[in-house]
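The structure appears right after this line, and notes come after that.
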Amino acid sequence: MEIKDFLENPGGQKFEVDLGLSLIKILQISYSNQNYLRSILKRQLETQELIKGNTILNENISEKMAEIENLIYKFSDEGFQDILNKVLK
């Protein structure tokens, strides 16, 4: 089915969705994205440290990544709660 066909007759077709499989796929994609973004963050922090002239990266990077991840999780939780409150009203 083409998108054009669906838009012209949205009620004409029925689609069955396997919710369990869909949720597992969403979790898989989310986990992959999380790892991808962590690797980008780590590379950026390593680059910043090298620009500063630091040659010992492991200690500095691990500490900074932990701090940044904690901030990200905090802001994400707050943002999620705001969105959820709006949806539930």
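With a 1.4 Å probe and every protein chain left in place, work out the accessible area per residue of the chain in Å², rounded to a whole number. Let's see the in-between values first.
Details: 8190 Å² over 89 residues.
On a per-residue basis, 92 Å².
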Matching label for the computed percent of Cα pairs over 23 Å apart, out of (1) 16; (2) 57; (3) 32, is (2)
FRET efficiency for Ser62 and Ile26 from the Cβ-Cβ distance with R0 = 35 Å, rounded to 0.05, comes out at 0.75
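Want the number for Glu16 to Ile51: 0.36 nm per residue separation, take away the alpha-carbon distance, what's left? Walk me through the intermediate numbers first.
Numbers: separation 35, 0.36 × 35 = 12.60 nm, distance 5.34 nm.
Gain on extension, Glu16 to Ile51, equals 7.3 nm.
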1/(1 + (r/R0)^6) with r = Cβ-Cβ of Asn35 and Leu7, R0 = 25 Å, i.e. FRET efficiency to nearest 0.05, evaluates to 0.10
Heavy-atom accessible area of the chain with neighbours in place, 1.4 angstrom probe: carbon+sulfur share in percent works out to 58
With Cα coordinates, the longest principal axis of the chain makes an angle with the long axis of helix 58-88, in degrees rounded to 10, of 30
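About its Cα centre, what dipole magnitude does the chain give when the only charges are +1 on Lys and Arg Cβ and -1 on Asp and Glu Cβ, stated in debye to the nearest 20? Kindly include the intermediate steps, with their values, before the conclusion.
Working: 11 positive and 14 negative charges, 17 e Å.
Around 80 debye, computed over the chain.
The values are calculated or read from the model by the stated rules, or taken from the named source; none is laboratory data. None of these values were measured; they are calculated from a predicted model. Methodologically, a virtual Cβ is constructed for each residue, glycine included, from the backbone with ideal geometry; neighbour enumeration extends over all protein chains shown. The area values use the complete protein model at the heavy-atom level, side chains included, leaving out ligands, DNA and RNA. Shrake-Rupley method; radii C 1.70, N 1.55, O 1.52, S 1.80 Å.
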